[in-house]
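The values are calculated or read from the model by the stated rules, or taken from the named source; none is laboratory data. Remember, it's a predicted structure, so these values are computed and weren't measured experimentally. Positions of Cβ are backbone-derived with ideal geometry, glycine not excepted, and every protein chain shown enters the neighbour counts. Just the protein is used for accessible areas: all its heavy atoms, side chains included, with ligands, DNA and RNA removed. Shrake-Rupley method; radii C 1.70, N 1.55, O 1.52, S 1.80 Å.
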Amino acid sequence: MSFYENKVVWITGASSGIGEALTRELVQRGARVIISSRREEELKRVQQSSGQPEKLRTLVLDLEKAETLELAASNALAAFGQIDIMIHNGGISQRSKVIDTLPEVQRKVMEVDYFSYIELTRLLLPHFQQRKTGHFVVISSVMGKIGTPMRSAYAAAKHALHGFFDCLRAEVWGFNCKVTIITPGYIRTNVSRNAVTATGEKLNNLGKNIGNGYPPDKTASQILRAVEKGKYEKYVGKPFSQERMAILLMRFVPSIAIGIFKKAMPE
Ligand SMILES: NC(=O)c1ccc[n+]([C@@H]2O[C@H](COP(=O)([O-])OP(=O)(O)OC[C@H]3O[C@@H](n4cnc5c(N)ncnc54)[C@H](OP(=O)(O)O)[C@@H]3O)[C@@H](O)[C@H]2O)c1
């Protein structure tokens, strides 16, 4: 029997990219999945194309609207009567220099990529505590471990996730609640097209690195393997990539890593 059989998983950002691939893979492995994002028609498409629409519930949700998250969490809990795994995945990236970036853009990225994650976590914790089981899966990024040009808001939000969820892990292990942080490298999705610019418009550019990125379906398998193994933190993506090397360099020889990042060509 699959580890995921009959588990209930809530995934944000399930209307495309990594979240969509995770949804398909989870349904194939016997899970029931609540899929969230802003675009209802895209969620319906993911549901219908999953092959087992009865195993999915759609829940429209805007992570930027903090005041709506409480109702969303209670609707998610009601969908199948329980949640076993919460996958915080929905998010936006950013491409702009610090000097040009409007404060509201910095705040928007933080709201979507960080504050929504910690609020949904707070809302689900009593449920996990009561059932003495639960697993938070946090889709961070290589940018949660390093800093390169043009990514200040995004890297700040992703770094913040590591601080918060490392602390949470240390608090909740006593009631069998787990935390897995995933740091993907370049994955071939719409993330760069959807990235915000200095003034908050969509970048609308795929870029070479994302265009040549690792396939989302393979990424989803890597993520689900890490969750099943109860990993604390896991890089996913191309096995021998510059991104993976960047994490290792930053950890073990930061002066070399920072020297390289200074010369990195922003994309
Ligand atoms: N692709 C990569 O190379 C890469 C690398 C490292 C980390 N990641 C992370 O992986 C996660 C998934 O991204 P992806 O690569 O799959 O990109 P994507 O294809 O652009 O998907 C992003 C998802 O987030 C949802 N979303 C965006 N803003 C939202 C909001 N305000 N409220 C609710 N949902 C929102 C989008 O749905 P709607 O538009 O329907 O709301 C979409 O489902 C993100 O956290 C990203 O930072 C990606």
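Worth a mention:
- Tallying residues that are in contact with a strand residue (DSSP E or B) (Cβ under 6 Å, 6 or more places away or on another chain) and within 15 Å of the ligand (Cβ to nearest atom) within the range 163-191 yields 7.
- Residue in the range 216-225 that is surrounded by the most Cβ atoms within 10 Å (Cβ to Cβ), counting only those that are within 20 Å of Ile247 (Cβ to Cβ) and within 14 Å of the ligand (Cβ to nearest atom): Thr219
- If you go through the range 32-47 and keep only what is without any contact (Cβ under 8 Å) to a residue 40 or more places away in the chain and in contact with a strand residue (DSSP E or B) (Cβ under 9 Å, 6 or more places away or on another chain), you end up with Val33, Ile35, Arg38, Arg39, Glu40, Leu43, Lys44, Val46, Gln47.
Residues are listed down the side, and each one gets a yes or a no for (1) more than 22 Å from Tyr4 (Cβ to Cβ); (2) without any contact (Cβ under 8 Å) to a residue 24 or more places away in the chain; (3) in contact with a helix residue (DSSP H, G or I) (Cβ under 9 Å, 6 or more places away or on another chain); (4) not polar (S, T, N, Q):
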{"site": "Asp100", "(1), (2), (3), (4)": "yes, no, no, yes"}
{"site": "Pro103", "(1), (2), (3), (4)": "yes, yes, no, yes"}
{"site": "Phe115", "(1), (2), (3), (4)": "yes, no, yes, yes"}
{"site": "Leu120", "(1), (2), (3), (4)": "no, no, yes, yes"}
{"site": "Arg131", "(1), (2), (3), (4)": "no, no, yes, yes"}
{"site": "Phe136", "(1), (2), (3), (4)": "no, no, yes, yes"}
{"site": "Gly144", "(1), (2), (3), (4)": "yes, no, yes, yes"}
{"site": "Phe165", "(1), (2), (3), (4)": "no, no, yes, yes"}
{"site": "Phe175", "(1), (2), (3), (4)": "no, no, yes, yes"}
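- Residue list for the range 144-183, filter: open to solvent by 20 Å² or more (accessible area, probe 1.4 Å) and of a type in the set (Val, Ile, Thr): Thr148
- Only one of the numbered conditions (1) outside any helix (DSSP H, G or I); (2) of a type outside the set (Ser, Thr, Tyr); (3) more than 14 Å from the ligand (Cβ to nearest atom) is violated by Asn194, and that is (3).
- Applying the criterion of being surrounded by 15 or more Cβ atoms within 10 Å (Cβ to Cβ) and in contact with a Phe, Trp or Tyr (Cβ under 8 Å, 6 or more places away or on another chain) to the residues of the range 196-215, the residue that is nearest to Ala21 (Cα to Cα) is Tyr214.
- Yes/no for Leu125 being more than 19 Å from Glu233 (Cα to Cα) and either within 11 Å of the ligand (Cβ to nearest atom) or open to solvent by less than 50 Å² (accessible area, probe 1.4 Å) (or both): yes
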